[in-house]
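Undergrad: I'd like to ask some things about the structure below.
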Amino acid sequence: MPVLSPHRPAERKAVCGVPRRGRAVAAILPCLAWLLLCAGAPAALAQSPAAPRSAALPPAAQTALRKALAPLIERGGVAVGYDGDVVFVHGPGVYVPASILKLATAQAAFARLGPDYRFRTAFYLDAARNLIVKGYGDPFLVSEEWQLIGRALDAVGAFRQPLGDLVLDDAAVDADVTVDGVGDSTNPYDARLGALVVNFNTINVHVGPRGDVTSAEPQTPLTPLARELGRHLPRGEQRINLSQDAGNAARYAGELVRALLEQAGATFRGDTRRGHAPQGLTPLLVHRSSRALPEVVQGMLQYSNNFIANQLVLGLALEHGGEPARLDAGVAVLRAAIAQHLQLGPPALVLAEGSGISRRNRADLLAMLRLVDGFHPWQHLLREFGPPGRGVPGKTGNLQDVYTLAGFLPAEPPHRRPFVVMLNQRRNTRDAVFEALYDTFAPGGVTRR
């Protein structure tokens with residue numbers, strides 16, 4: 001079975017049962033644990049030689065580890081692999097994965113878009129010298145990117161004469177796109193998706209002691225909308241999510257883009273409005289993001305950014321189904337990619353969206369371990385998890401009564417030791433579970449090689 005590698009060329013999720021409490025079954029050999037997978041799950045982590053005997057836990061160590069985990073895990077499971085084999089399982093079952101599901105989105109993006117993929121934004125000039133900006137879902141259309149775009153537009157002569165209107169075309173993404181699990185709060189993780197989104201659909205302002213509002217980012221001009229919304233906020237630095245009002249999101253995009261392009265030398269004589277690029281009109285500029293796909297994925301994983309995750313899903317829909325991109329179409333591409341490259345699908349892995357925020361997402365413990373193992377070539381994109389001196393590449397997940405962790409325990413190169421912790425319980429004992437795993441499997445533990 002192919003493992004998604006950064007060197008491979010680009011290639012053209014309702015199990016809803018209550019998670020089962022893990023039972024100490026030290027007598028069961030790790031390889032038999034695969035029989036507990038739901039129908040459709042794979043029979044091994046990857047096509048690789050069987051793990052050497054020294055990689056498996058001795059019976060006494062298995063008993064000790066299970067004893068350590070028993071008071072920590074009420075509803076949940078833990079699994080550890082080694083070079084394609086399962087070497088430890090505690091509490092097999094189907095669980096809500098939360099944000100560790102982003103590892104699936106990342107691998108699907110690498111497989112279907114390719115590691116060299118860069119999101120695009122197109123710019124047109126019509127006969128009336130209206131500048132039309134057509135977005136295709138770039139999640140990183142931040143202020144710094146617009147500064148690059150301004151310089152590029154100036155270089156192709158867009159600003160030599162005054163411009164008419166600034167026209168924003170966001171038709172490449174379905175206007176009614178929604179994500180299961182995303183609410184109407186002002187939290188950044190509830191940010192609205194779209195084709196033409198600036199600064200993650202958020203505004204970062206500082207409210208002074210007298211209520212004066214300034215931009216909290218030197219690279220981002222303070223727009224009229226930012227000033228209006230900031231007046232109603234507490235003192236200090238505040239980040240505003242624009243998801244509650246689609247009109248505000250579009251208005252902010254127009255105000256910010258116009259301000260940044262004017263800083264680059266543009267002069268507009270007309271209005272800022274929404275519209276569409278005329279069919280058949282050749283773009284004046286097609287800007288490719290300064291961030292290639294690995295950097296986008298790294299931002300998604302290191303900051304657990306749900307917005308980036310589902311913008312990637314929309315990108316899958318755009319590139320493999322056309323406009324307007326719908327989230328369900330992108331999820332279909334995501335499912336197909338994971339099925340093809342990791343032989344994972346329902347009921348072992350159920351995907352409702354790409355970030356892990358939906359409780360309709362479900363993953364069998366061992367299917368999740370296989371998914372983690374497939375991410376091994378890209379583990380450098382993960383942030384470090386663990387206390388000083390005991391950190392490992394890892395990704396956490398958090399929902400109410402859901403605490404998960406996936407990553408790689410230390411192993412001598414070129415070996416790999418993926419692990420997954422899935423807790424669907426009130427107590428967050430994730431750190432203590434990780435410490436028990438690290439003490440057992442890290443160098444100096446009972447499996448010291």
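Undergrad: Does A172 qualify as being of a type in the set (A, V, I, L, M) and closer than 19 Å to E262 by Cα?
TA: no
Undergrad: Give me the strands (runs of 3 or more DSSP E) completely within segment 333-438, filtered to those with at least 2 residues that are in the same structural domain as Y303 (by TED's automatic domain parsing), within 27 Å of E295 (Cβ to Cβ) and out of contact with any Pro (no Cβ under 9 Å at 6 or more places or on another chain), ordered by residue number.
TA: 392-399, 418-423
Undergrad: What number of residues within segment 249-267 are among the hydroxyl-bearing types (S, T, Y) and buried (at least 20 other Cβ atoms within 10 Å of the Cβ)?
TA: Residues that pass the stated criteria total 1.
Undergrad: Restricting to segment 212-229, what's the tally of residues that are acidic (D, E) and touching a helix residue (DSSP H, G or I) at 6+ places or on another chain (Cβ under 7 Å)?
TA: 1
Undergrad: Here's something else I'd like to know. Looking at T214, T202, which one is under 26 Å from G275 (Cα atoms), of a type in the set (S, T, Y) and outside the structural domain of L312 (by TED's automatic domain parsing)?
TA: Being under 26 Å from G275 (Cα atoms), of a type in the set (S, T, Y) and outside the structural domain of L312 (by TED's automatic domain parsing) holds for just one of T214, T202, which is T202.
Undergrad: Which residues, taken from segment 92-150, are out of contact with any strand residue (DSSP E or B) (no Cβ under 8 Å at 6 or more places or on another chain), over 30 Å from T404 (Cβ atoms) and of a type outside the set (D, E)?
TA: A127, A128, S143, W146, Q147, G150
Undergrad: Looking at the structure I just gave you, is V297 modelled with pLDDT of 95 or more and touching a Ser or Thr at 6+ places or on another chain (Cβ under 8 Å)?
TA: The answer is no for V297.
Undergrad: Could you go through segment 205-215 and let me know if any residue there is in a helix (DSSP H, G or I) and loosely packed, with under 12 Cβ neighbours inside 10 Å.
TA: Within segment 205-215, none of the residues are in a helix (DSSP H, G or I) and loosely packed, with under 12 Cβ neighbours inside 10 Å.
Undergrad: Could you list all residues from segment 216-234 that are part of a loop (DSSP other than H, G, I, E, B) and of a type in the set (A, V, I, L, M, F, W, C)?
TA: A216, L222, L233, listed by residue number.
Undergrad: Those residues that are surrounded by fewer than 23 Cβ atoms within 10 Å (Cβ to Cβ) and farther than 30 Å from E384 by Cα, I need them from segment 302-317; list them, please.
TA: none
Undergrad: Check S243 against each of (1) touching a Ser or Thr at 6+ places or on another chain (Cβ under 7 Å); (2) polar (S, T, N, Q); (3) modelled with pLDDT under 95 and name the one condition it does not meet.
TA: All conditions pass for S243, except number (1).
Undergrad: What are the pairs with Cβ atoms under 8 angstrom where one residue, in segment 152-163, is in the same structural domain as A127 (by TED's automatic domain parsing) and the other, located anywhere, is aromatic (F, W, Y) and at pLDDT 95 or above? Sequence gap at least six, or different chains.
TA: Filtered contacts from segment 152-163: L153/F123; L153/F159; A158/F123; P162/F268; L163/F268.
Undergrad: Do any residues in segment 429-443 that are over 18 Å from T63 (Cβ atoms) have Cβ atoms under 6 Å from those of residues that are among the aromatic types (F, W, Y) and crowded, with 16+ Cβ neighbours inside 10 Å, where the two are at least six apart or on different chains, and which pairs are they?
TA: Sorted first by the residue in segment 429-443, then by its partner, the pairs are R430/Y403.
Let's see how each residue does on (1) touching a His at 6+ places or on another chain (Cβ under 6 Å); (2) surrounded by 19 or more Cβ atoms within 10 Å (Cβ to Cβ); (3) under 30 Å from L168 (Cα atoms):
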| residue | (1), (2), (3) |
| --- | --- |
| V80 | no, yes, no |
| G84 | no, yes, no |
| V89 | no, yes, no |
| P92 | no, yes, no |
| A111 | yes, yes, no |
| D116 | no, no, yes |
| F119 | no, yes, yes |
| L125 | no, yes, yes |
| K134 | no, yes, yes |
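Undergrad: Return the pair list, or none, for Cβ contacts closer than 8 Å from residues in segment 313-342 that are more than 17 Å from S358 (Cβ to Cβ) to residues that are among the polar types (S, T, N, Q), at least 6 apart or on different chains.
TA: Listed by first residue and then by second, the contacts come to A337/Q107; H341/Q107; L342/Q107.
Undergrad: Test of understanding: among D190, D176, D180, D170, which residue is closer than 30 Å to V96 by Cβ and buried (at least 19 other Cβ atoms within 10 Å of the Cβ)?
TA: Just one listed residue meets the conditions, D190.
The values are calculated or read from the model by the stated rules, or taken from the named source; none is laboratory data. These numbers were taken from a predicted model, which means no experiment stands behind them. A quick note on method: Cβ atoms are made from the backbone with ideal geometry, for glycine too, and the neighbour counts reach across all protein chains shown.
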